[in-house]
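Chemist: Supplied in structure tokens, the structure appears directly below.
No value in this document is a laboratory result; all are computed from the given coordinates. Treat the numbers as computed from the prediction; the structure is a model and nothing was measured. No Cβ is skipped: glycine too gets one built from the backbone with ideal geometry, and neighbour counts run over all protein chains shown.
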Amino acid sequence: LSVIRYRVQDTFNQVLPPDESALLLGIIFGFRNNFDSEYYNKLRVTGVLHIIAASGTNVTILAGVILSSVGILVKRKKALIFTVCAIGFYAALAGLDPPIVRASIMAIVAFGASLSGRQNHSLLALFISAIVMLFISPELLQNIGFQLSVLATFGIIKIKPIIDDLWESRRKYILLEDLS
């Protein structure tokens with residue numbers, strides 16, 4: 001993986017200017033080591049440093065793109081298996097950051113449910129991912145990335161629907177969807 005990671009970084013660095021390469025590597029993989037200190041500080045001061053943190057969104061986008069693309073070529077079961085493998089590879093390539101691992105486990109649980117013909121329950125998938133991660137690495141309980149990832153996902157699963165129900169009559173305002 002380190003060889004592949006190095007080649008990806010090297011390719012980005014050859015094709016793009018240094019700041020843009022660092023930014024794209026940060027957005028896609030969460031890599032933070034390619035930043036010029038001045039550029040990094042500008043991102044921090046302007047409050048957009050969070051965009052270089054790989055997150056569950058990356059896993060969701062990757063899974064959706066791969067599943068829909070491969071699903072055209074092969075049957076759904078094979079596409080799901082290939083997607084699960086790709087998610088695992090991406091998580092390892094991105095450095096196994098807690099938010100990526102949490103999202104990857106949740107995606108694998110969801111795809112596993114689909115493969116076995118069972119219904120996926122997001123809250124159960126979140127619980128399983130948190131328990132597995134804490135079983136393997138109990139010190140994650142003190143990791144802010146793990147805490148934020150689990151709590152934000154819980155909020156999306158349980159609290160967002162409540163807010164959406166409160167704003168149902170005002171649904172016509174697109175901004176409210178983003179706020180909820």
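Chemist: Using a cut-off of 12 Å between beta-carbons, work out the net charge of the residues near Ser55 (Lys and Arg +1, Asp and Glu -1, Ser55 not included). Spell out each step's value before the answer.
Modeler: On the way: positive: Arg102; negative: Asp97.
Net charge in that neighbourhood comes out at 0.
Chemist: Which of the peptides 138-146, 104-112 is most tightly packed, and how do the rest follow, going by the mean number of other Cβ atoms within 10 Å of each residue? Walk me through the intermediate numbers first.
Modeler: Numbers: 138-146: 13.0, 104-112: 21.1.
Ranked by mean Cβ neighbours within 10 Å, highest first: 104-112, 138-146.
Chemist: Let me ask another. Using 0.36 nm per residue, how much length does the chain from His50 to Asp10 gain when fully extended, once their Cα-Cα distance is taken away?
Modeler: Details: separation 40, 0.36 × 40 = 14.40 nm, distance 2.33 nm.
This chain segment gains 12.1 nm when fully extended.
Chemist: Quick one: which residues, 5+ away or cross-chain, put their amide H under 5 Å from the amide H of Leu16? H built at 1.01 Å from N.
Modeler: Amide H to amide H, under 5 Å and 5 or more residues apart or across chains, Leu16 pairs with nothing.
Chemist: Just to confirm my numbers, what's the Cα centroid distance between the stretch 35-75 and the stretch 118-136 in Å?
Modeler: After rounding, the separation between the Cα centres reads 22 Å.
Chemist: On to the next question. For the stretch 33-44, what does the Karplus curve 6.51 cos²θ - 1.76 cosθ + 1.60, with θ = phi - 60°, yield as ³J(HN,Hα) per residue in whole Hz, taken in order and with x for Gly and Pro?
Modeler: Running phi through 6.51 cos²θ - 1.76 cosθ + 1.60 with θ = phi - 60° gives 7, 9, 7, 5, 4, 5, 5, 4, 5, 4, 4, 5 Hz.
Chemist: Quote the relative contact order of the chain in percent (integer), defining contacts as alpha-carbon pairs under 8 Å separated by 6+ residues. Please list the in-between numbers first.
Modeler: Details: 153 pairs, mean separation 27.9, N = 180.
Here the relative contact order equals 15 percent.
Chemist: Ok, one more. Suppose each label sits 7 Å from its Cα in the direction of the beta carbon; what would the Ile136-Arg32 distance come out to in nanometres?
Modeler: Each label point lies 7 Å from its Cα, and together they span 2.1 nm.
Chemist: Give me the net charge for the shell around Ile157: Cβ to Cβ below 15 angstrom, other residues only, Lys and Arg +1, Asp and Glu -1. All intermediate terms of the calculation are to be shown ahead of the outcome.
Modeler: On the way: positive: Arg102, Lys158, Lys160; negative: Asp164, Asp165.
Counting the neighbours of Ile157, the net charge comes to +1.
Chemist: Over the chain, with a single point scatterer placed on each C-alpha, what log10 of the ratio I(q)/I(0) does the Debye formula yield at q = 0.08, 0.13, 0.18 1/Å?
Modeler: The computed values of log10 I(q)/I(0) come out as -0.31, -0.82, -1.28.
Chemist: Okay, moving on. Would you mind computing, in nm to one decimal, how far apart the modelled labels at Asn143 and Leu166 are, each placed 7 Å from Cα along Cα→Cβ?
Modeler: 3.2 nm
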